[in-house]
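Here the structure is laid out as structure tokens; the discussion comes afterwards.
The values are calculated or read from the model by the stated rules, or taken from the named source; none is laboratory data. None of these values were measured; they are calculated from a predicted model. Methodologically, a virtual Cβ is constructed for each residue, glycine included, from the backbone with ideal geometry; neighbour enumeration extends over all protein chains shown.
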Amino acid sequence: MKTMILLFLALAGAISVQAKIVTQTIEYKQGETTLEGFLAYDDATTTARPGVLVVHQWLGLTDYEKHRAEQLAALGYVAFCADIYGKGVRPKNTGEAGVEATKYKTDRKLLRARVNAGLDELKKSALVDKTKVAAIGYCFGGTTVIELARSGADLQGIVSFHGGLDSPTPADGKNIKCKVLICHGADDPFEKAADLAAFEDEMRQANVDWTLIKFGGSVHSFTQPMAGNDNSKGAAYNERADRRSWAAMKMFFSGIFQ
């Protein structure tokens, strides 16, 4: 019995050594602009698996998005963090972030080009099943993945976590080919009621397969611990909403990746 236990432990140890989350920093291009993304996957298998594009919040690509990519890799996906701003463009504070994010929110054509470049880079991986691809985004990134869908991108679904839900070009809803999941803070003060209503109308008019979940007691940035926990500031972490929205994403993926 002792010999069998030792053999089991040795085998378990070998498996744990062999299987690990691999990460890589990857340079890629959109036009003449150099971008720097982040890839994560579990090397336990070489079999092609679903791919998930991750789009950053307004501070650019940070350790937060990289951690989310590693979490997705642990779930069995190949995750790639897109870089919308460009290599080396990493705002140091919210003031710089606001300036940078505004460049793209006021130029949706450029925003779509940048996020599609990230999607193309994800699909280049031999580890990705090209028929099973999704995108998720946080805040600015949530807005961005909605624009990715509006661009007519070929993917199975998008998930927006506390993203901006305006509808600047409602007719573009007809270009959406994928399923849409919106995870929204019910008390988010940065989301105007008129914008939310316009977004919902766009989805209805375009007959999109969409779901909107509102998390009670949550404001903006509810998935981000670095936002603090003071709802009165308009942006704050909410552990319950974070956990439940991640669970909703996993259920959503299980449906679109069948």
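The single condition from (1) under 17 Å from Phe140 (Cβ atoms); (2) of a type in the set (Gly, Ala, Ser); (3) in contact with an Asp or Glu (Cβ under 9 Å, 6 or more places away or on another chain) that Ala198 fails is (1).
Within segment 155-172, the only residue that satisfies the criterion of being of a type outside the set (A, V, I, L, M), over 22 Å from Asn238 (Cα atoms), in a loop (DSSP other than H, G, I, E, B) and within 16 Å of the chain's Cα centre (by Cα) is Gln156. Surrounded by 14 or more Cβ atoms within 10 Å (Cβ to Cβ), of a type outside the set (D, E, K, R), closer than 21 Å to Leu111 by Cβ and modelled with pLDDT of 95 or more: does that describe Ser221? In short, yes. Among the criteria (1) farther than 28 Å from Ser254 by Cβ; (2) free of Cβ contacts under 8 Å to residues at least 40 places away in the same chain; (3) loosely packed, with under 15 Cβ neighbours inside 10 Å, the one Ala198 does not fulfil is (3).
Scanning segment 46-67 for residues that are among the charged types (D, E, K, R), under 18 Å from Met249 (Cα atoms) and surrounded by fewer than 24 Cβ atoms within 10 Å (Cβ to Cβ) yields Arg49, Lys66. A count restricted to segment 207-236 and to residues that are in a loop (DSSP other than H, G, I, E, B) and within 18 Å of Val159 (Cα to Cα) stands at 9.
Take the conditions (1) closer than 26 Å to Asp172 by Cα; (2) polar (S, T, N, Q); (3) crowded, with 18+ Cβ neighbours inside 10 Å; Asn207 misses just one of them, which is (3). Applying the criterion of being without any contact (Cβ under 8 Å) to a residue 12 or more places away in the chain and among the acidic types (Asp, Glu) to the residues of segment 88-119, the residue that is surrounded by the fewest Cβ atoms within 10 Å (Cβ to Cβ) is Asp107. You will find that of Asp154, Asp172, Asp187, the residue that is under 13 Å from Ala134 (Cα atoms), surrounded by fewer than 20 Cβ atoms within 10 Å (Cβ to Cβ) and touching a residue at least 12 places away in the same chain (Cβ under 8 Å) is Asp154 and no other. If we scan segment 241-255, do we find a residue that is in a loop (DSSP other than H, G, I, E, B) and free of Cβ contacts under 8 Å to residues at least 60 places away in the same chain? Scanning segment 241-255 turns up no residue that is in a loop (DSSP other than H, G, I, E, B) and free of Cβ contacts under 8 Å to residues at least 60 places away in the same chain.
Confirm whether Ala117 is touching a Lys or Arg at 6+ places or on another chain (Cβ under 8 Å), small (Gly, Ala, Ser), farther than 23 Å from Trp210 by Cβ and modelled with pLDDT of 95 or more. When the stated conditions are applied, Ala117 passes them.
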